[in-house]
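Notes for the one structure printed next.
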Amino acid sequence: MSRPYTIMLVAVSLDGKISPRRQPGQTNPIGPELIAPEIMELHNAQRAGVDGIMVGLNCILLDDSRLTLRAGAGTNPTRVVLDGLAEMPPSARILDCSNTPTVVAVTEQAPADRVAELRQRGADIVVAGDNGRFVDLTLLMATLREDFGIKRLIVEGGGMVHRSMIADQLYDELQLIICPFVIGGAESVTPVQRGAFWPGGAVPTFALTDSEVVGDYLYVTYQPREKLRHGP
Ligand SMILES: NC(=O)c1ccc[n+]([C@@H]2O[C@H](COP(=O)([O-])OP(=O)(O)OC[C@H]3O[C@@H](n4cnc5c(N)ncnc54)[C@H](OP(=O)(O)O)[C@@H]3O)[C@@H](O)[C@H]2O)c1
């Protein structure tokens, strides 16, 4: 089954965190005030270079992300949210679909009235699997490629989504931006959340394919070793 070329994109602190643990309504301290303007610029260019951007529901609940480009920077990619049970609040900014399509991926267990409400707000609904809150990512990737024409996809988070994507071997590249700050906190969010890969399986391994220093930031790109062995 064909699927988009898929890139994990994550900004990570020097101590390996992507966000402090927060409650909805608490401001994200890892925002444009903290990140250097040239990095925000590069991030914008990365978004401009893909057909789709995907996040998990928590990114919407916590950050109310719009996932759009800066004004005048090009055509917004299609936005995709994993929301197995269609729990996204109708007020979420990403549901303003007037200029940019939003795909909400649910499972067969999503309540029909919630799905209808999201549709009414303008979202395209993809039903992928019947595993409760957990969207079937392999099925979703094929649908994004075939029905929505998404050939290149960035996945911006969060940690639970990255974990599932790695487990399902759906990443072609991992791009990490190592940032010059420390978040701390044992409860803070890391790039890959939930269960460890070992025991129960082998630890996935990757090969460094690119690196670039931008001011105090380091961009590193890795590819799965398995993929390098077998080609694209
Ligand atoms: N620094 C960065 O680059 C960066 C970028 C983006 C986000 N973030 C931060 O990351 C945090 C959010 O990350 P998070 O780990 O809490 O949550 P997350 O990965 O954003 O969201 C996980 C949500 O997606 C749902 N989901 C549906 N299908 C799934 C599947 N197949 N696999 C995994 N999840 C699935 C989960 O359902 P269940 O509820 O059933 O698990 C859960 O509700 C926020 O604090 C945000 O600010 C940082």
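The single condition among (1) open to solvent by less than 10 Å² (accessible area, probe 1.4 Å); (2) under 13 Å from the mean Cα position of the chain (by Cα); (3) within 25 Å of Ile177 (Cβ to Cβ) that Asn58 does not meet is (1).
Tell me, yes or no, whether the range 137-146 has at least one residue that is of a type in the set (Ser, Thr, Tyr) and in contact with a helix residue (DSSP H, G or I) (Cβ under 9 Å, 6 or more places away or on another chain). The answer is no, given that none of the residues of the range 137-146 is of a type in the set (Ser, Thr, Tyr) and in contact with a helix residue (DSSP H, G or I) (Cβ under 9 Å, 6 or more places away or on another chain). Checking each residue in the range 130-177 for being assigned to a strand (DSSP E or B), within 14 Å of the chain's Cα centre (by Cα) and within 7 Å of the ligand (Cβ to nearest atom) picks out Glu156, Gly157.
Does Arg70 satisfy the criteria of being modelled with pLDDT of 95 or more, more than 17 Å from His162 (Cβ to Cβ) and not β-branched (Val, Ile, Thr)?
Working: modelled with pLDDT of 95 or more: no; more than 17 Å from His162 (Cβ to Cβ): yes; not β-branched (Val, Ile, Thr): yes.
Here the answer is no, as Arg70 does not meet what is asked.
Selection of first residues in the range 72-98 that are under 13 Å from Leu118 (Cα atoms) and of second residues that are more than 13 Å from the ligand (Cβ to nearest atom) and of a type in the set (Asp, Glu), restricted to Cβ pairs under 6 Å at least 6 apart or on distinct chains, gives the following pairs, ordered by first then second residue: Pro90/Glu117.
Can you go through Arg119, Arg145, Arg152 and tell me which one is over 20 Å from Thr6 (Cβ atoms) and either of a type in the set (Ser, Thr, Tyr) or modelled with pLDDT of 95 or more (or both)?
Details: Arg145 fails: over 20 Å from Thr6 (Cβ atoms); Arg152 fails: over 20 Å from Thr6 (Cβ atoms).
From the options Arg119, Arg145, Arg152, the qualifying one is Arg119.
Restrict the check to the range 184-192 and report whether at least one residue is polar (S, T, N, Q) and in a loop (DSSP other than H, G, I, E, B). Scanning the range 184-192 turns up at least one residue that is polar (S, T, N, Q) and in a loop (DSSP other than H, G, I, E, B).
If you take the residues of the range 1-32 that are outside any loop (DSSP other than H, G, I, E, B) and not hydrophobic (A, V, I, L, M, F, W, C), which of them is farthest from the ligand (Cβ to nearest atom)? Steps first, please.
Kept after step one, since they are outside any loop (DSSP other than H, G, I, E, B), are these residues of the range 1-32: 5-12, 19.
From what is left, the residues that are not hydrophobic (A, V, I, L, M, F, W, C) are 5-6, 19.
On the way: Tyr5: 19, Thr6: 14, Ser19: 3 Å.
Checked the range 1-32; the qualifying residue farthest from the ligand (Cβ to nearest atom) is Tyr5.
Taking the options Pro199, Pro180, name whichever one is touching a residue at least 24 places away in the same chain (Cβ under 8 Å) and either out of contact with any Gly (no Cβ under 6 Å at 6 or more places or on another chain) or aliphatic (A, V, I, L, M) (or both). Step through it out loud before you land on a result.
Details: Pro199 fails: touching a residue at least 24 places away in the same chain (Cβ under 8 Å).
Of Pro199, Pro180, the one residue that is touching a residue at least 24 places away in the same chain (Cβ under 8 Å) and either out of contact with any Gly (no Cβ under 6 Å at 6 or more places or on another chain) or aliphatic (A, V, I, L, M) (or both) is Pro180.
For beta carbons closer than 6 Å, sequence separation of 6+ or different chains, a first residue in the range 153-168 that is over 14 Å from Gln193 (Cα atoms) and a second that is open to solvent by 40 Å² or more (accessible area, probe 1.4 Å), the qualifying pairs are Asp168/Thr138. Going by the conditions given, is Ile125 within 16 Å of the ligand (Cβ to nearest atom) and farther than 19 Å from Gln193 by Cβ? The answer is yes for Ile125.
Report, by residue number, each residue of the range 88-111 that is open to solvent by 80 Å² or more (accessible area, probe 1.4 Å) and not polar (S, T, N, Q).
Across the range 88-111, the qualifying residues are Arg93, Asp96, Glu108.
Could you check the range 189-213 and list, in sequence order, the residues that are on the phi < 0 side of the Ramachandran plot and charged (D, E, K, R)? Result: Asp210, Glu212.
Just to be sure before I move on: is Glu87 modelled with pLDDT of 95 or more, of a type outside the set (S, T, N, Q) and in a loop (DSSP other than H, G, I, E, B) in the structure I sent? Lay out the reasoning, then the answer.
Details: modelled with pLDDT of 95 or more: yes; of a type outside the set (S, T, N, Q): yes; in a loop (DSSP other than H, G, I, E, B): yes.
So Glu87 fits the description; yes.
The values are calculated or read from the model by the stated rules, or taken from the named source; none is laboratory data. Bear in mind that the values here come from a model prediction, so they are computed numbers and not experimental data. Every residue, glycine among them, receives a Cβ derived from its backbone with ideal geometry; neighbour counts consider all protein chains shown. Heavy atoms of the whole protein, side chains included, go into the accessibility calculation; ligands, DNA and RNA do not. Shrake-Rupley method; radii C 1.70, N 1.55, O 1.52, S 1.80 Å.
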